[in-house]
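Okay, structure first, notes after.
Only the coordinates and a few stated rules stand behind these numbers; no lab work does. The model shown is predicted, which means the values in this text are computed figures rather than measured ones. Using ideal geometry, Cβ is built from the backbone for each residue, glycine included, and neighbour counts are taken over all protein chains shown.
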Amino acid sequence: MQTRRRFLALACAAAHALLATNCLAARKPAGRALDLKIAPNFGRAAEADLRAVLTSAATEIWRHCPATTWQTSGFYVCHNPKNPVILFDHTADGRVSIGLNSQDTLWCQYAFQFAHEFCHALAGHSNDWRKTWIRGRKANNWLEESLCETASLFALRAMAKNWAQNPPYPNWKDYSAALTSYAAERLAATASALPASTRFIDWFQQNEAAMRKSSTLRENNNQVAAALLPIFEADPAGWESVTFINLVPRAPENSLHDHLHAWHQKVPASQRAFVAKLARVFEISLS
């Protein structure tokens, strides 16, 4: 049976063949640049408009990671009809492959999906990504997935504020309200899914075992994301800590405490207080 990643790999490879011109020249590291190569097949979305949306979504997170660079040559964004996804392997010219399943001019959905995959890129492809990208199932992968859902909400809300004053195009200024509404609707749906008067920690303790078995239970990821979002919005410099999350042992039997403790020790001293704040959401002390 063809896996979704294999399916996307074939789809991206076919589209990328149309765009690749000088692979050797394109292998130059992107550094701080957000260099996007966008494939066709996004329906009525004009490439320039799509680039503006995706760059805006990524920038809202990227601006808070000043010490991080891309040793890859940039990003290759293609349409994947099944689901958004980021690939393990880079393209022939060294780019990180990201597939989005949005089409036409659904700008909020594009931003939401790309911010999620961009967070995965920070976690697994930034800086010296060869040391971080380890294949295989890990019991705490749900935490990265939840952080990526947090990134989507964070990006939309930050974009809304910025577009109200400085949109990519002057006539997009009023679209900031749509960005706000899109995020608000998702947060409201997440809140309504939690039984009334249920504490997050009680819910988490009941659901952690299921998440350790399957990292992409989206309703569960969304609950965690809603709990983490206020911490990132209060201290957005914490996004840079995500670039260290995969530099720790990730054996399937590791507890969340062990995973968070190892992450806390791996980040620079300036980021440890932030990781400790995230841990306290799960009633874990890293003092």
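Observations, loosely collected:
- Restricting the calculation to alpha carbons of segment 51-177 gives Rg and Dmax of 14.8, 46 angstrom.
- The string of couplings for segment 177-190 from the Karplus curve (6.51, -1.76, 1.60, θ = phi - 60°) is 5, 5, 5, 4, 5, 4, 5, 5, 5, 5, 5, 5, 5, 5 Hz, one whole number per residue in order, with x for Gly and Pro.
- Cα-centred dipole magnitude for the chain, charges only on beta-carbon of K, R (+1) and D, E (-1), debye, nearest 20: 600
- Here the Karplus curve 6.51 cos²θ - 1.76 cosθ + 1.60, taken at θ = phi - 60°, turns the phi angles of segment 272-286 into couplings of 5, 5, 5, 4, 4, 5, 4, 4, 5, 4, 9, 6, 10, 9, 10 Hz, with x standing for Gly and Pro.
- Inter-label distance, ALA273 to ALA234: 1.2 nm, where each label sits 7 Å from its Cα along the C-beta direction.
- Reachable lysines, given that their alpha-carbon falls under 27 Å from the alpha-carbon of LYS173 and they are not under 8 places away in the same chain: LYS37, LYS161
- A straight Cα-to-Cα reach below 22 Å connects LYS138 with the lysines LYS213, LYS266, residues fewer than 8 places away in its own chain not being considered.
- Residues MET159, MET211, sorted so that the one with the fewest Cβ neighbours within 10 Å comes first: MET211, MET159
- Based on the Stokes-Einstein relation at 37 °C and a viscosity of 0.692 mPa s, and on the Kirkwood radius from alpha carbon pairs, segment 27-85 is assigned a translational diffusion coefficient of 258 µm²/s.
- Prolate/oblate/rounded call for segment 126-191, Cα gyration tensor, a/c under 1.5 rounded: oblate
- Across the chain, Cα pairs under 8 Å and at least six residues apart give a relative contact order of 18 percent.
- The amide H of LYS28, built 1.01 Å from its N in the peptide plane, has no neighbour under 5 Å, considering only residues 5 or more places off or on other chains.
- Per-residue Cβ neighbour counts within 10 Å put TRP203, TRP62, TRP70 in the sequence TRP203, TRP62, TRP70, beginning with the fewest.
- For ARG51, net neighbour charge (Lys/Arg +1, Asp/Glu -1) across residues whose Cβ lies under 14 Å away: -2
- A cut-off of 5 Å between modelled amide H atoms, ignoring neighbours fewer than 5 places along the same chain, links ASP235 with no other residue.
- Residues ASP202, ASP128, ASP93, ASP235, sorted so that the one with the fewest Cβ neighbours within 10 Å comes first: ASP128, ASP202, ASP235, ASP93
- Measuring nothing but how far apart in sequence close Cα pairs (under 8 Å, 6+ apart) lie, relative to its length, segment 166-287 scores a relative contact order of 21 percent.
- For segment 202-217, putting each phi into the Karplus relation 6.51 cos²θ - 1.76 cosθ + 1.60 with θ = phi - 60° gives couplings of 5, 4, 4, 4, 7, 10, 4, 4, 5, 5, 5, 7, 9, 6, 10, 7 Hz, in residue order, rounded to whole numbers and with x for Gly and Pro.
- Of the options (i) 0.95; (ii) 0.99; (iii) 1.01, only one is Rg/Rh (Cα atoms, Kirkwood Rh) as computed from these coordinates, and that is (i).
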